[in-house]
Every structure is written in structure tokens, then in C-alpha cells.
Amino acid sequence: DFVAGFVHQWLDMERLDFFQFDVNLHRDFDESTRAATRKEVYQSFAHLLRDPKNGRLGKLLKSDYVFVNGLLATYYGIEGVTGDEFRKIELPADSPRGGLLGMAAIHAMGSDGIASSPVERGAWVLRHLLNDPPPPAPPNVPQISRLKDQVLTTRERLFAHQEEAQCASCHRKIDPIGFGLENFNAAGKWRTENSDGAGKKKKTWTIDASGVLHNGPAFANYSELRDRIVEREEDFARGFTEHLIEYALGRPFSFSDKELADEIVQSAGRNKFVLREFVHAIVQSQPFQAK
């Protein structure tokens, strides 16, 4: 259907199936949980599509509710939800859930099944939420040999990449966002500590999720990062529109589609970026009608 097909393509959901998760580290993230996290993304989008009045696109950036079944509610530590059916559950004001950045599927895609990847997560946010995709990584970037066998915090390891000339400019843009999401482990569970190494060499540290957006404001923690991203709703709407045009026309977005994208964003913006407005505008457009 449209929801699963479009959302899968738009958010690069195929990454959720790229690897197996380490059962010793992420015992609860089995195939049933993985499927439930995927369905949460689709259900959240479908809910907004069904609501012609309040189904604002920005609620995918932050919302005061989640769609969960009993399995996913337990995974998230939400009490009082049982059964296989997904339903809308209101969240307390301080919950890290609600919106795409609170969904386990998004964080699982930004990992390797063992550890979180701030680089993958930061790049995903730039591509899909801020409409500011980073350039492709340079080919054949060598591992930094002096870091081999060293027990380091995630920040220490990534700051070393910022010292390499060919890596610095992209990492300075990507890494701060990834650091802001480090309270989610590889399988999207909330945490306050992380560790590296084993045995006597094991190092544990309190996660520091602070940072500064590239050419933008600072944030002290995940909650503030999410709020900074919410402030970029128009950028989010623009990127969403370009992906919608790609999906609807069955080809990559091109320069010739810029005028259509402008019209759709302006039209939807007049109605607070309600999701149905975007879909209605593309269906009514001349390129779609002439397809």
C-alpha cells in the first residue's frame, strides 16, 4: 500500500534488515520486536494521513503520543498495554519517545547490530529531517591506526576523525547530531551510560548528549536537540516533498521539479503542513496527471 511503500523508500527503512543484532547485548530485540518497531513507523504516518485537520507533518518530529502494541510497549517501558493490536498511547511530558527520533527502528538503522553509530544517525537526520544531506564519504578512508586497541569513549574516537583533513568538514556537521542521540543504544533502548573494552580494560562513562548544530544553535541534551530539529519544520517539509515527488512520479527528483516542490510546500504551509495537503497537491499536479 502507499504508506508502507512510500515510508519504506523515503526513510530508507531497508536498513532495518541489514544485519542481525547481537543476542547477548540486545536480547529483547528479536524478530518480533524488530517487526513491531517497523510497524510503529508506518502506523504513525498512517495516523497523520487519516487526520485532515490535525495530521501535521511536524508531529513526525515530535509528538505527545506513540503507537505501540503490548510487545513494543514493554520494550519501551510503557505500562498498561497488552495484546497485538497497535493503539495510540499518550506520553508523559518528559518522555524521549514520540516522533521519529523516539522510535527504536530509526535508532536500530543507525547501528551495526552491536553498537550505535553516531555517524550513521547524524547523516540520517541530515538527509531525512533537515534536508541537508552530507556528501558521500571519500573512498578508501583508512582506519586511524593509532586508535587500534585503545579503549575510548565514542566522542574521543570520533574527534580523532575530525583531526583528519579529508574527514573533518563532514564529521563536524554529522557527529554533533549523532552525539545528541547517544542516549539510545543500538536497538533503540534508552540508556544513560555506555562502555568500551572488556575485563580490566573496560571503561564506562556517562553519556554526554550535548553539542552544537552545524552553523546553528547549541543543545544540552537529546530533548533540546529534538526541539532544535522541530524548529526546522519547513526544511523537513521541503525534503519530504521532494521524496514524495520522487515516489509519485517514479523517478529521481530533478532540477525541473523545483517549481512543483515550491508550489506543494507553499500550499501545504498555508494549512500548517497537514500531511494530506502534500498528497492532495501532488495528485492534483500536472506532472502526476500526465504520468
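Bear in mind that the values in this text are calculations on the coordinates, not laboratory data. Computed from a predicted structure; not experimentally measured. Neighbour counts are summed over all protein chains in view; Cβ atoms, including those assigned to glycine, are modelled from backbone coordinates with ideal geometry.
General remarks:
- Cβ-Cβ FRET estimate between Ala137 and Arg50, R0 fixed at 25 Å, reported to 0.05: 0.05
- Residue exposure sequence - Ser223, Ser63 - by fewest surrounding Cβ within 10 Å: Ser223, Ser63
- Entries of Lys53/Lys258; Lys59/Lys291; Lys53/Lys291; Lys59/Lys88; Lys62/Lys272 with Cα pairs more than 25 Å apart: Lys53/Lys258; Lys59/Lys291; Lys53/Lys291
- Difference of contour (0.36 nm per residue) and Cα-Cα distance, Arg27 to Lys272: 84.1 nm
- Shape box of the stretch 233-289 [Cα atoms, principal axes, largest first, Å]: 27, 21, 16
- Translational diffusion of the stretch 163-287, µm² s⁻¹ [Kirkwood Rh, Cα pairs; Stokes-Einstein; 25 °C; 0.890 mPa s]: 139 µm²/s
- Overall Cα dimensions of the chain - principal axes, largest extent first, Å: 65, 50, 32
- Using the Cβ-Cβ distance between Thr204 and Asp17 with R0 set to 41 Å, the FRET efficiency works out to roughly 0.85.
- Overall dimensions of the stretch 23-139 by Cα: Rg and Dmax, Å: 15.2, 50
- Model label points for Glu224 and Lys88, set 7 angstrom from Cα along the Cα-to-Cβ axis, are 3.2 nm apart.
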